[in-house]
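The values are calculated or read from the model by the stated rules, or taken from the named source; none is laboratory data. No experiment lies behind these values; they were computed from the predicted model shown. A quick note on method: Cβ atoms are made from the backbone with ideal geometry, for glycine too, and the neighbour counts reach across all protein chains shown.
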Amino acid sequence: MKEIIKVENLGRTYSSGSKSLEVLKNVNFSVEKGTSISIVGSSGSGKTTLLGLCAGLDISTHGDVIIAGQSLKSLDEDQRASLRNKYVGFVFQNFQLIPTLTAMENVMVPLELNRKPNASKIASEYLEKVGLGDRQTHYPKQLSGGEQQRVSLARAFANKPEILFADEPTGNLDDETSDKIEALLFELNQKEGTTLVLVTHDLSLAEKTDRIITLKKGEIFSDSQLKVVS
Amino acid sequence: MNWKWIFNMATRDGRQSLPRLFLFTSSIIIGIAALVSISSFKDSLNEKISNEAKELLGADFRARKYSKYNEKDLAPFYALALDSAKERSFVSMAGFKNGTSSRLVSVKAIEGNFPFYGAIVTEPSDAANNYQKLGGVIADQTLFFQFGLSIGDSIRLGTKKFELVGQITKVSGQAGIRSAFAPIVYVPYNALEQTDLIQPGSRVLNITYLKINNTEKLLKTIEAEEKVITDLGFRIETVADRKKSVGRSFDNLTSFMNLVGFIALILGAIGVGSAVYTYVRSKIREVGVLRSLGASRNEVFTVFLVQIIFISIIGSFIGALIGALFQYFLPSLLQDFLPVSVDFAFQPFAIISGVFIGLSISILFALIPLLQVRNTSPMVTLNSFLDDPSKKIENSVFIVGILILLFLGGFAFWQTDSLMASVLFIGGLILAITLLWGVSSLLRAFAKNIVKRFSSFTIRQGIANLYRPNNFSTILITVTGLGVVLINMIFLIESNILNQLSFTQNNEQPNTILFDIQPEQINAVQVFVKEKGYPVLQQVPIVAMRLHSLKGQSGFEIKQDSTLNIPSHVVDREYRVTYRDTLINSEKIIDGIWVGEVSSITAIIPVSLSENQAKNMKVEIGDVFSFNVSGSLLNCTLASIREVDYTKIQTNFTVLFPNGVLESAPQNYVLISRVNSREESAVFQNQMVNQFPNISVIDLDQVLKTANDVLGKISFVISFLAMLCLITGFLVLISAINNTKYERVNEGVLLKTLGAVRSKIVVINTVEYFLIGLFAVLAGAIISVGCAWAISVFALKIHFTIAFLPLLSISSLVILMITLFGYFNALPISKKPSLSILRVS
């Protein structure tokens, strides 16, 4: 299968005054298109930093990430933003909906940024898919946590990304709602054929992906293939 | 850039965000309203001055001179004239109510149909046309009010009684304030001799007015005759000259007003800048999300810039609209100072320039915090601790800073037309804001140090609110502090000027000046004054003269040679000169040698000039010049330069001759005395007028009272403008309160949840705002006292004292208002049920 993400000798060090903290050290792995992987580890192990670097939200101190054949290191800030818009979708732990936009408008943001025609029609369809067809004009504060995360899923999938990055997508939800969101996430992922990169400390959620990378103190501790990918 | 998305995003996001931001933008409304109203007023005034230019002069040509002249001197101008009129004008005492009341008035004796343009408006309406025929007089209505006069009453000028045939309500081209010191009385020209008021040496202005339709010929004649008429000592004026001089003086006034209005706008813009800073902080996560979803740095920045521009346009238009309407009231504020009546008019240029200035300054000040959007990392969506944009300051921030300075400097230059004044204005403003910022930071640091000394939880909490993160205390203290600085300064300077003038309250100081005393009267006047029980504190002879030549150049040549840089009044004015052999206590020689007596007038006469006069004449010790005294030329050399303290109530002179030269020249005397009370002064003046009708009396008590009124009117206008700064400060305050409302609600609820009773939350807020008010007032008072001291001592050269009463009144009012804001802001928070707010949060 074709590699969609390639991580090479990736490292990230944060500096504060004279002190520096190496959060990631020489991380190497690759992800094949259409597969799902989980990045797990304890707090402070570097999961979120790795996700940010893989998604082009942050820049590495050394090493590189190659997404769909494009080296992120060779791109400037705005080129990385353009690449994200074209290839990447996000689901965040805190939903990260824009509070001043309705559910429909939130879903339309990446579509309009990508200059896709019929943005409102597509957004409406995806909100129907996540079961919020009747809540399109509601603002985030008028929705429950589970509903906000559904909007977030609709926003992530509507732009038909190659890769979906999900950061603790159920971390702020109760068990029952978490189960529903998990089900929806994997259902959409399967239907859309998206590559899923999931950051979580929830092992039961991680076990639903094809592969688990465990981080410890900024390094890959283990890399387990759970399912055979054909 | 994806403009369609940018506008969609700006509009959608703006629906919820803009009402909050709009309150902040409201802080520029006052400044723009001030600029638009003042500029509209200025444009309307200039239009009116243009339209009524002829009425300002009343004629097409005016020639005046302090000594009597032969009309043949003006023959080339008379040859062009369709009509002519003559005026003799001077100040004198007038007696009313059969000698029981008297007052200094400005007597104008007119022959002919002056004014040719405009009118002297009287009651009854035909009085201005008839008084010459009837042999009566018309007088300013203030005299009617002051002495309860009626038409038909008599008024005594010198030795002659006249019948009052009309009261003057308005004279075209003259400001109402002119009648405050010496109200006008018009008398028939031919009757003037009968008053015996004009004596040798009397200071009488002789004027010829001509009506000339052919302006081109008039200008050519002036050009051809300029040397002759300058050498003869005439000052001439045409409609264009008058229009220019009136326009220039009001340009100065409106430019000053515009600069004060501009300060209000800058304060508002600082408010906008701080609002945008808070706005941007509240949008950091949103920026991160948009960046994660693929929006570029410039696209996200432009979304918010579009919003700021939109809201600034609304703010600017509202300001312009209020300003255009407010212009309706400005003429009534300034009516006493205006020579023409200004009507309400829609001035498109003033409105467009007001909107442009408001919009530009608002956007420029907003850009500095807004540029931080570009530094926001999309990682803020993943890491909650990354809620601050990068601290890195972009080069573009410095460029915006320079643009702001250029814009402010450009505006100041536009208003003042002087690079130095613009630099001083901008430098002074930056210094004042920096000082306020510094003082408020020090006060906050002080609060931080003393907070632990308070045992009360509410007081500690209230003090801590001043320096906690996201507080607005520095910006509030700075903005309201600057308003306090301006208002305090105006009151302090006004009270110091009045203190200086209230010398008459001091028993040691003179308060009565008698002038126009003829040499043959001086002994009798001395005896009269002493008989009444008053001292003769000073008595000096006065000789009138004009400058004839300076370092070998004639008056005309000096005026023509602009490279000399000698003001034209040095040549044009009539000098009132005295002679004596000793210096008095208000004088000190600072250069050269004082010569008190000469033996012969044929030699070059060593004279002394005041420091300013020497500077104006551009002369040094040993330079030569000549004066014309009633046709005789006196060759002089500069022997000494004196520093003169004009604040002392003495007869101070710019030109001082030694004894032995002017004794036989035409002269009169000034005598200075002190009368014990206002009542005694009134009686004394009446007795003087009855005994010596040609002698005029200046009652310094009356001058003080009038100066008080005039200063009151001026300071009202300036205070009104300074109030705009304070109102802007309050608008920023209201907006700041609104902008931090949600944080305050959360804190309040948290405190209530932890057991704080409602009253504690109210007290915490009230203490915080009381301290903000106190600090703003303290910072403002410190700086205003410093500025007022510097202006009083160095610019006005008057003694400075702190007037505590106005300072305390203004301070208390500002503190009270800000504290009330805090109190009323806390009430709804304290009343909200905890659960409902926590749910919303």
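Could you tell me whether segment A:19-26 includes any residue that is under 21 Å from A:ALA156 (Cα atoms) and not acidic (Asp, Glu)?
Among the residues of segment A:19-26, not one is under 21 Å from A:ALA156 (Cα atoms) and not acidic (Asp, Glu), which makes the answer no.
With surrounded by fewer than 15 Cβ atoms within 10 Å (Cβ to Cβ) and either modelled with pLDDT of 85 or more or assigned to a helix (DSSP H, G or I) (or both) as the only criterion, which of B:GLY354, B:GLY401 stands out?
Criteria check complete, one pass: B:GLY401.
On the given criteria, is B:GLN307 surrounded by fewer than 24 Cβ atoms within 10 Å (Cβ to Cβ), within 14 Å of another protein chain (Cβ to nearest Cβ) and in contact (Cβ under 8 Å) with a residue 24 or more places away in the chain?
So B:GLN307 fits the description; yes.
Is it the case that segment B:529-542 has a residue that's out of contact with any Ser or Thr (no Cβ under 7 Å at 6 or more places or on another chain), surrounded by 13 or more Cβ atoms within 10 Å (Cβ to Cβ) and under 26 Å from B:LEU104 (Cα atoms)?
Checked segment B:529-542: at least one residue is out of contact with any Ser or Thr (no Cβ under 7 Å at 6 or more places or on another chain), surrounded by 13 or more Cβ atoms within 10 Å (Cβ to Cβ) and under 26 Å from B:LEU104 (Cα atoms).
Closer than 29 Å to A:ASP134 by Cβ, more than 8 Å from chain B (Cβ to nearest Cβ), in a strand (DSSP E or B) and modelled with pLDDT of 85 or more, is that true of A:GLY63? Break it down into steps so the answer makes sense when it comes.
Values: closer than 29 Å to A:ASP134 by Cβ: no; more than 8 Å from chain B (Cβ to nearest Cβ): yes; in a strand (DSSP E or B): yes; modelled with pLDDT of 85 or more: yes.
Judged against the criteria, A:GLY63 is not a match.
Take the conditions at pLDDT 85 or above, touching a Leu at 6+ places or on another chain (Cβ under 9 Å), surrounded by 21 or more Cβ atoms within 10 Å (Cβ to Cβ) and more than 21 Å from B:VAL703 (Cβ to Cβ) and apply them to B:VAL165. Does it pass? Step through it out loud before you land on a result.
Values: at pLDDT 85 or above: yes; touching a Leu at 6+ places or on another chain (Cβ under 9 Å): yes; surrounded by 21 or more Cβ atoms within 10 Å (Cβ to Cβ): yes; more than 21 Å from B:VAL703 (Cβ to Cβ): yes.
Answer is yes for this residue.
Somewhere in segment B:116-132, is a residue within 35 Å of the chain's Cα centre (by Cα), surrounded by 15 or more Cβ atoms within 10 Å (Cβ to Cβ) and under 30 Å from B:ASN258 (Cβ atoms)?
Yes, because at least one residue in segment B:116-132 is within 35 Å of the chain's Cα centre (by Cα), surrounded by 15 or more Cβ atoms within 10 Å (Cβ to Cβ) and under 30 Å from B:ASN258 (Cβ atoms).
Among the numbered criteria (1) over 24 Å from A:THR200 (Cα atoms); (2) away from chain B (no Cβ under 11 Å), which single criterion is violated by A:THR102?
(2)
For segment B:12-47: of the residues being in contact with a Phe, Trp or Tyr (Cβ under 9 Å, 6 or more places away or on another chain) and within 10 Å of chain A (Cβ to nearest Cβ), which is nearest to B:GLU286 (Cα to Cα)?
B:ASP13
Among the listed residues A:LEU198, A:LEU215, identify the single one that is in contact with a Pro (Cβ under 9 Å, 6 or more places away or on another chain), buried (at least 21 other Cβ atoms within 10 Å of the Cβ) and either at pLDDT 80 or above or aliphatic (A, V, I, L, M) (or both).
None of the other options fit; the residue is A:LEU198.
Can you name every residue in segment A:29-44 that is in contact (Cβ under 8 Å) with a residue 40 or more places away in the chain and more than 14 Å from chain B (Cβ to nearest Cβ)?
If the condition is that a residue be in contact (Cβ under 8 Å) with a residue 40 or more places away in the chain and more than 14 Å from chain B (Cβ to nearest Cβ), then A:PHE29, A:VAL31, A:GLU32, A:LYS33, A:GLY34, A:THR35, A:SER36, A:ILE37, A:SER38, A:VAL40, A:GLY41, A:SER42 are the ones that fit.
Which of the numbered conditions does A:CYS54 fail, given that it passes all the others? Conditions: (1) modelled with pLDDT of 85 or more; (2) out of contact with any Asp or Glu (no Cβ under 9 Å at 6 or more places or on another chain); (3) within 14 Å of another protein chain (Cβ to nearest Cβ); (4) surrounded by fewer than 17 Cβ atoms within 10 Å (Cβ to Cβ).
In the conditions (1) modelled with pLDDT of 85 or more; (2) out of contact with any Asp or Glu (no Cβ under 9 Å at 6 or more places or on another chain); (3) within 14 Å of another protein chain (Cβ to nearest Cβ); (4) surrounded by fewer than 17 Cβ atoms within 10 Å (Cβ to Cβ), A:CYS54 misses (4) alone.
Answer yes or no: is there a residue in segment A:11-28 that is under 14 Å from the mean Cα position of the chain (by Cα) and within 14 Å of another protein chain (Cβ to nearest Cβ).
For segment A:11-28, residues under 14 Å from the mean Cα position of the chain (by Cα) and within 14 Å of another protein chain (Cβ to nearest Cβ): absent.
Answer yes or no: is there a residue in segment B:288-297 that is touching a Pro at 6+ places or on another chain (Cβ under 8 Å) and among the hydroxyl-bearing types (Ser, Thr, Tyr).
Scanning segment B:288-297, I find at least one residue that is touching a Pro at 6+ places or on another chain (Cβ under 8 Å) and among the hydroxyl-bearing types (Ser, Thr, Tyr), so the answer is yes.
Of all residues in segment B:85-105, which are assigned to a strand (DSSP E or B) and basic (Lys, Arg)?
B:LYS86, B:ARG88, B:ARG103 - these are the residues of segment B:85-105 that are assigned to a strand (DSSP E or B) and basic (Lys, Arg).
Could you count how many residues in segment B:234-250 are part of a helix (DSSP H, G or I) and of a type in the set (Val, Ile, Thr)?
Residues in segment B:234-250 being part of a helix (DSSP H, G or I) and of a type in the set (Val, Ile, Thr): 2 in total.
Would you mind stating whether A:GLN136 is of a type outside the set (D, E, K, R) and at the interface with chain B (Cβ under 9 Å from one of its Cβ atoms)?
The answer is no for A:GLN136.
Which of the numbered conditions does B:ALA269 fail, given that it passes all the others? Conditions: (1) out of contact with any helix residue (DSSP H, G or I) (no Cβ under 7 Å at 6 or more places or on another chain); (2) over 30 Å from B:LYS65 (Cα atoms).
That leaves (1) as the condition not met.
Anything in segment B:453-496 that is part of a loop (DSSP other than H, G, I, E, B) and of a type in the set (Ser, Thr, Tyr)? List them, or say none.
Once the filter is applied, which keeps residues that are part of a loop (DSSP other than H, G, I, E, B) and of a type in the set (Ser, Thr, Tyr), segment B:453-496 yields B:SER455, B:SER456, B:TYR467.
Of the numbered conditions (1) at pLDDT 85 or above; (2) within 30 Å of B:GLY31 (Cβ to Cβ), B:PHE262 fails exactly one; give the number of that condition.
Result: B:PHE262 fails condition (1) only.
Out of B:THR278, B:THR302, report the one residue that is more than 23 Å from the chain's Cα centre (by Cα), within 14 Å of chain A (Cβ to nearest Cβ) and either among the aromatic types (Phe, Trp, Tyr) or surrounded by fewer than 24 Cβ atoms within 10 Å (Cβ to Cβ) (or both).
After applying the criteria, what remains is B:THR302.
Filter segment A:75-95 for residues that are at the interface with another protein chain (Cβ under 8 Å from one of its Cβ atoms), free of Cβ contacts under 8 Å to residues at least 60 places away in the same chain and crowded, with 24+ Cβ neighbours inside 10 Å and give the result.
A:ALA81, A:ARG84
On the given criteria, is B:ALA345 in a loop (DSSP other than H, G, I, E, B), surrounded by 15 or more Cβ atoms within 10 Å (Cβ to Cβ) and of a type in the set (Gly, Ala, Ser)?
Judged against the criteria, B:ALA345 is a match.
So, in segment A:109-133, exactly how many residues are at the interface with chain B (Cβ under 8 Å from one of its Cβ atoms) and either among the small types (Gly, Ala, Ser) or assigned to a helix (DSSP H, G or I) (or both)?
4
Say whether the condition of being under 39 Å from the mean Cα position of the chain (by Cα), outside any strand (DSSP E or B) and either surrounded by 16 or more Cβ atoms within 10 Å (Cβ to Cβ) or free of Cβ contacts under 8 Å to residues at least 60 places away in the same chain (or both) is met by at least one residue in segment B:73-84.
Yes, there is a match, as at least one residue in segment B:73-84 is under 39 Å from the mean Cα position of the chain (by Cα), outside any strand (DSSP E or B) and either surrounded by 16 or more Cβ atoms within 10 Å (Cβ to Cβ) or free of Cβ contacts under 8 Å to residues at least 60 places away in the same chain (or both).
Quick one: count up the residues across segment B:635-651 that are surrounded by 18 or more Cβ atoms within 10 Å (Cβ to Cβ) and either under 37 Å from the mean Cα position of the chain (by Cα) or modelled with pLDDT under 90 (or both).
The qualifying residues number 8.
So which residues in segment A:77-108 are assigned to a helix (DSSP H, G or I), touching a Leu at 6+ places or on another chain (Cβ under 8 Å) and at pLDDT below 90?
Passing the criteria: A:ARG80, A:LEU83, A:ARG84, A:ASN85.
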